Amino acid sequence: MTPPLLCGAKLHHLQMTTQRMPEMTAFYQRGFGYEVHHLDSGGVYLAGGERRLLLGHGKPKTLRLAAYVLPDAERLKALR
């Protein structure tokens, strides 16, 4: 059996918090070419290529979460 840390997990998205939403949004849009989608919550969803980033209001420079995806249900079961 493949060890859990080697199950082929890939980063799906990050969620970071900021008190400077317009500046952070512009940085990622210009610097990485991300498409910008404004959320009803006041946050911003940015996407480009295989990367996705959520920005929310909160304490600056805080990583709120990192979400991963596995290639199939079998690997999810092995990880659990």
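Taking the range 11-31 only, how many residues are among the polar types (S, T, N, Q) and closer than 11 Å to Gly56 by Cβ? Give the derivation first.
Keep residues of the range 11-31 that are among the polar types (S, T, N, Q), which gives 15, 17-19, 25, 29.
Imposing the further condition that a residue be closer than 11 Å to Gly56 by Cβ reduces the set to 15, 17-19.
So the count comes out to 4.
Go through the range 28-80 and tell me which strands (runs of 3 or more DSSP E), entirely inside it, have 1 or more residues that are modelled with pLDDT of 95 or more and in contact with a helix residue (DSSP H, G or I) (Cβ under 6 Å, 6 or more places away or on another chain). Give the derivation first.
Working: elements: 35-38, 44-48, 51-57, 62-69.
Here the list reads 35-38, 44-48, 51-57.
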Q) Got at least one residue in the range 7-15 being modelled with pLDDT under 95 and over 15 Å from the mean Cα position of the chain (by Cα)? A) yes
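Each row is one residue, and each column tells you yes or no for (1) surrounded by fewer than 14 Cβ atoms within 10 Å (Cβ to Cβ); (2) out of contact with any strand residue (DSSP E or B) (no Cβ under 7 Å at 6 or more places or on another chain); (3) of a type in the set (Ser, Thr, Tyr); (4) touching a residue at least 40 places away in the same chain (Cβ under 8 Å).
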| residue | (1), (2), (3), (4) |
| --- | --- |
| Leu46 | no, no, no, no |
| Arg52 | no, no, no, yes |
| Lys61 | yes, yes, no, yes |
| Leu70 | no, yes, no, yes |
| Arg75 | no, yes, no, yes |
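The values are calculated or read from the model by the stated rules, or taken from the named source; none is laboratory data. Note that this is a predicted model, so its numbers are computed, not measured. Virtual Cβ from ideal backbone geometry, glycine too; neighbours counted across all protein chains shown.
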